[in-house]
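The values are calculated or read from the model by the stated rules, or taken from the named source; none is laboratory data. Keep in mind the model is a prediction, meaning the values are calculated, not measured. Cβ placement follows ideal geometry from the backbone for every residue including glycine, while neighbour counts extend to all protein chains displayed.
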Amino acid sequence: MNCSKPSPKCWPNHGADGLEDSATIIVTNANSLVAAVHDRMPVMLDPAHWAEWLDPGHRERATRWPMTRPSASPSWRTRRRPSAGFA
């Protein structure tokens with residue numbers, strides 16, 4: 001099924017204007033810390049890039065692509081999570 005455009009089959013609750021509130025998680029390669037558990041991670045935009053990313057007039061992929069590089073991890077910390085009871 002092609003769900004690249006709103007349709008009742010893909011998004012049954014879209015409005016008359018064809019729009020629906022939605023969210024997308026954009027992923028990139030994992031940084032060194034996350035790579036220990038997974039090969040991908042969510043893109044975390046630096047606040048300095050928010051306006052540029054959200055500007056509807058800014059459609060150049062070449063200038064947006066660098067904003068999706070893996071976040072640096074020097075200040076991140078890991079901690080063991082208690083078991084959630086999953087096997």
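Within region 50-59, being more than 16 Å from V27 (Cβ to Cβ) and either part of a helix (DSSP H, G or I) or touching a residue at least 40 places away in the same chain (Cβ under 8 Å) (or both) holds for W50, A51, E52, L54. Among the numbered conditions (1) at pLDDT below 80; (2) in a loop (DSSP other than H, G, I, E, B), the only one that A62 does not meet is (2). Pairs are defined by a Cβ separation below 9 Å, a sequence spacing of at least 6 or placement on different chains, a first member in region 23-41 that is touching a residue at least 40 places away in the same chain (Cβ under 8 Å), and a second member that is of a type in the set (F, W, Y); the pairs so defined are N31/W76; L33/W76.
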